Amino acid sequence: MTTHRSRPARTAGSYLLLTVLALVFVAPIAYLVIGSFKPSSEVIDGVGGFVPRDLSLDNYTGMLGRFSSPATGYFADFFLTSLLVTTGVVLLGLLVNSMAAYSLARLRWGGRDAVMLGVVALTILPFEAIAVPLFYALNEHRNTYYIQILPFVASAFSIYLFYSFFIGLPKEIEEAARLDGAGVWRTYLRIVVPMSKPVFATVAILSFLTTWGSFLWPVMMIDQPQKRPLPLAIAVFQGQPPYDWGQIFAFGVLMVLPVLVVFLLFQRWFVQSLASSGLKG
């Protein structure tokens, strides 16, 4: 009887805890959005910053107006640069990393185990450790779009995520496809990829988040306003007088909005991937 009575209390406690955690994570976003519509004098106002009053679009029009020449750059250029770079990294990364992981998970070739060990070791190597050598190696290609894409296409962490998912797929389906005359490429494209939508969505979201918010590499390689991605542009904008927190918040909202849209579009597969990983674990 005690167990049955305690279940509603446990459920209520769980929902209460989850609600508190949700509020903790949502509060900064709500503060950012509300502040972007308020006068700058009322933005940094502690708890009062959550109160929606005196709302207008002045911060957005003012912020966009400050990016109105080649010297300052244009917000549309910043946005398109981030969109182009992120799309390139995500799409090429999905192709390259999934193929590499499938080769490690399903094909037999010499040195496969050593390569897999190297992939696992590289997952703990931060980009900061190779940023300076990479800068000197690629210094002649500064201020280009492709230099912001190519170094991040291959990702040891993405390969490991794909490998962990592929290794758990039933081999019988692939063997049946081979018996029907399907080669490696056809099996991968027609059988494995359709079965792996959750991990593709997970890698796409994680890659999108990492690339969209990338800051260190653009700081090192980009000094032309027209080629700046959004994270670098907002850092430069924040340091230029006159300091206007309302406009900075407006810039932040426009920068965060695509991330929220991407997550909402792919959240079903993302959650499904996490759930299936938990079941396999």
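The values are calculated or read from the model by the stated rules, or taken from the named source; none is laboratory data. Predicted model only: the values in this text are computed from it and were never measured. Here the Cβ positions follow ideal geometry from the backbone for every residue, glycine too, while neighbour counts run over all protein chains shown. The accessibility values were calculated without ligands, DNA or RNA, using every heavy atom of the protein model including side chains. Shrake-Rupley method; radii C 1.70, N 1.55, O 1.52, S 1.80 Å.
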Next item on the list: Of the numbered conditions (1) of a type in the set (Gly, Ala, Ser); (2) closer than 30 Å to Ile205 by Cβ; (3) touching a residue at least 12 places away in the same chain (Cβ under 8 Å), Ala22 fails exactly one; give the number of that condition.
Entry: (3)
Next item on the list: For region 172-209, enumerate the residues that are over 23 Å from Pro258 (Cα atoms) and in contact (Cβ under 8 Å) with a residue 40 or more places away in the chain.
Entry: Glu174, Val184, Tyr188, Val192, Val193, Ser196
Margin query: All but one of (1) surrounded by 12 or more Cβ atoms within 10 Å (Cβ to Cβ); (2) touching a residue at least 24 places away in the same chain (Cβ under 8 Å) hold for Ala30; state the number of the condition that does not hold.
Written below: (2)
Margin query: Given the criteria open to solvent by less than 40 Å² (accessible area, probe 1.4 Å), farther than 30 Å from Gln226 by Cα, within 23 Å of the chain's Cα centre (by Cα) and modelled with pLDDT of 90 or more, does Ala156 qualify?
Written below: yes
Check: Checking Val20 against (1) under 29 Å from Gln240 (Cβ atoms); (2) under 28 Å from the mean Cα position of the chain (by Cα), which single condition isn't satisfied?
Finding: (1)
